[in-house]
1. Please compute the length gained on full extension between residue 309 and residue 118, using 0.36 nm multiplied by the number of residues separating them and subtracting their Cα-Cα distance.
2. Put +1 on the Cβ of each Lys and Arg and -1 on the Cβ of each Asp and Glu in the stretch 97-157; which of 147, 122, 133 then has its Cα farthest toward the positive end of the dipole?
3. Using every pair of alpha-carbon atoms in the stretch 3-43, split the distances into 5 Å bins beginning at 0 and state the percent of pairs per bin, rounded to integers.
4. For the stretch 46-200, what is the convex hull (Cα atoms) projected area averaged across all directions, in square nanometres?
5. Once you put a point 7 Å from the Cα of residue 2 and another 7 Å from the Cα of residue 76, both along the Cβ direction, what distance in nm separates them?
6. Roughly speaking, to the nearest percent, how much of the stretch 46-200's 1.4 Å accessible area is carbon and sulfur?
7. Cα-Cα over 29 Å: which of 108/193; 123/318; 98/262; 273/323; 11/182; 11/68?
8. Give the accessible surface of the stretch 202-333 per residue, rounded to a whole number of Å², with probe radius 1.4 Å and ligands, DNA and RNA excluded.
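The values are calculated or read from the model by the stated rules, or taken from the named source; none is laboratory data. Predicted model, so just to flag it, every value in this text is computed and none were measured. As a convention, Cβ positions derive from the backbone with ideal geometry for all residues, glycine included, and neighbour counts pool all protein chains shown. Accessible surface areas use protein heavy atoms only, side chains included; no ligands, DNA or RNA. Shrake-Rupley method; radii C 1.70, N 1.55, O 1.52, S 1.80 Å.
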Amino acid sequence: QMWEEAIALGKELAEQYENEMFDYEQLSELLRKQAQFYENIVKVIRPKPDYFAVGYYGQGFPTFIRNKVFIYRGKEYERREDFEARLLTQFPNAEKMKTTSPPGDDIKNSSGQYIQCFTVKPKLDLPSKFHRPVSEQIVSFYRVNEVQRFEYSRPVRKGEKNPDNEFANMWIERTIYVTAYKLPGILRWFEVKSVFMVEISPLENAIETMQLTNDKINNMVQQHLNDPNLPINPLSMLLNGIVDPAVMGGFTNYEKAFFTEKYMHEHPEDHDKIEKLKDLIAWQIPFLAEGIRLHGEKVTEALRPFHERMEACFRQLKDKVEKQYGVRAVLSTLDDRRGSRPRSMVRSFTMPSSSRPLSVASVSSISSDSTPSRPGSDGFVLEPLLPKKMHSRSQDKLDKDDLDKDKKEKKKEKRNSKHQEIFDKEFKSTDISLQQSEAVILSETISPLRPQRPKSQVINVMSSERRFSVSPSPPSSQVTPPPITPRTKLSFSIQSNLELNGMSSSDIPDVPPPLPLKGSMADYGNLMESQDLISPTTSPPAHQRVSP
């Protein structure tokens with residue numbers, strides 16, 4: 001589930017697929033995987049493993065772990081007791097130490113085996129690309145991954161013990177462990193290379209605790225806003241423990257310990273820190289208000305009395321804090337995140353006229369200059385038995401559109417664009433003219449280098465039994481047709497099949513002589529570039545024969 005690492009590797013592969021191998025199929029599949037990884041980062045809640053510091057003390061251990069400390073990454077949902085049991089199975093003669101303080105030389109130099117194990121907290125080290133606040137779902141990965149610094153805090157009492165308030169003299173002794181490499185890596189454990197210790201004063205500890213509490217409330221509220229199906233019990237326990245602190249007393253203990261004249265007189269250098277602590281207390285109220293409002297929306301009827309009591313405690317707490325420390329307002333986009341659709345999900349369902357795909361009729365009217373934009377506008381006749389290979393693409397598309405006319409009529413009511421309505425009117429008039437004349441114009445040319453066909457050269461119907469012949473112009477009353485000119489665009493006319501019986505052209509005064517029988521339709525394009533006509537009984541020279 002380390003999708004962030006998978007995305008980084010996927011970007012390297014995408015660079016190879018796109019710019020080196022040009023394998024767009026693999027690239028598209030890889031990008032789809034990356035999109036799923038990004039979605040998982042935001043929506044899937046991943047378990048956070050614990051980290052444990054393990055020290056091996058005594059001369060009984062092998063040299064590579066003797067008197068050294070290692071940081072281990074635990075398994076998912078693995079407790080410290082389970083990890084210790086798994087560790088002690090490897091060293092059954094080892095003795096578990098009961099303290100977390102560093103051992104003395106007597107233990108390090110002894111001949112036995114002593115294992116010290118305790119839980120450490122990973123120190124967040126955000127990458128430099130996160131230069132602005134981001135979602136907790138994104139940051140949560142870096143709280144337990146790509147970490148190299150770990151800390152362990154141990155409370156220490158200094159000065160006289162105050163039975164009424166233990167926070168006044170509770171110092172924190174914090175030990176920082178730095179490993180050789182970031183965890184997790186090629187191993188689930190690495191050796192500690194450096195250790196140093198810092199002391200946290202009681203006031204600094206209070207500031208840190210309040211900051212962590214506010215962040216925890218805010219993060220949990222964001223999680224419930226992003227996923228309404230989350231259980232409400234963790235939110236209930238968190239809010240009730242802060243609003244109605246029956247055991248710990250909440251930040252009231254901080255007020256008794258630090259917000260007194262005695263403490264201000266003894267520690268004048270902590271004035272700024274005290275103001276910061278007051279500001280954090282004031283900021284906790286709007287976070288609690290948002291959490292309680294969300295809790296009221298999701299609470300069940302069985303927990304309604306519990307929620308009402310929590311609301312009553314919160315009102316008292318709010319009045320007290322706002323009177324002493326001022327009012328704070330959360331300038332967040334929680335309502336926008338909850339009630340509106342993200343901009344990336346908004347789609348425009350009305351396509352502009354420039355990007356809408358054109359119909360066959362519109363394409364033919366735009367692309368052709370000399371041919372009519374509507375079929376049958378000049379009154380030409382459509383050959384009903386025209387061979388399939390002689391049909392043009394425009395005719396095939398129009399025939400298909402004619403069959404799907406009923407489906408298009410049903411979709412007319414759903415089209416709201418003005419350009420589409422104009423097209424509907426044009427297409428309707430096209431269908432009417434097509435039904436009246438049943439003719440189309442062949443707009444496909446034989447060669448892209450030749451000019452477009454004149455209107456006079458069309459397909460004519462002569463008789464029920466027909467064959468195709470090539471003539472450069474429409475039939476006339478003369479017995480001898482005009483000479484054939486080179487590179488002349490061809491049109492197809494239909495002759496009687498009497499020519500098949502060997503009759504000469506003089507027997508049919510209105511029809512030009514036909515070409516000899518050819519083996520395939522491709523032979524009609526190989527005409528003689530001379531002025532002599534080919535007799536139906538004369539075979540062409542050998543060099544003009546084209547084998548099929």
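1. Values: separation 191, 0.36 × 191 = 68.76 nm, distance 3.92 nm.
Going from the current span to full extension adds 64.8 nm.
2. 133
3. 6, 27, 31, 19, 11, 4, 1
4. Numbers: hull surface 49.1 nm².
For the Cα atoms of the stretch 46-200, the hull's average projected area reads 12.3 nm².
5. Using points 7 Å along Cα→Cβ, the separation is 1.5 nm.
6. Within the stretch 46-200, the accessible surface is 51 percent carbon and sulfur.
7. Table pairs above 29 Å Cα-Cα are 123/318; 98/262; 11/68.
8. Values: 7340 Å² over 132 residues.
About 56 Å² of surface per residue is accessible.
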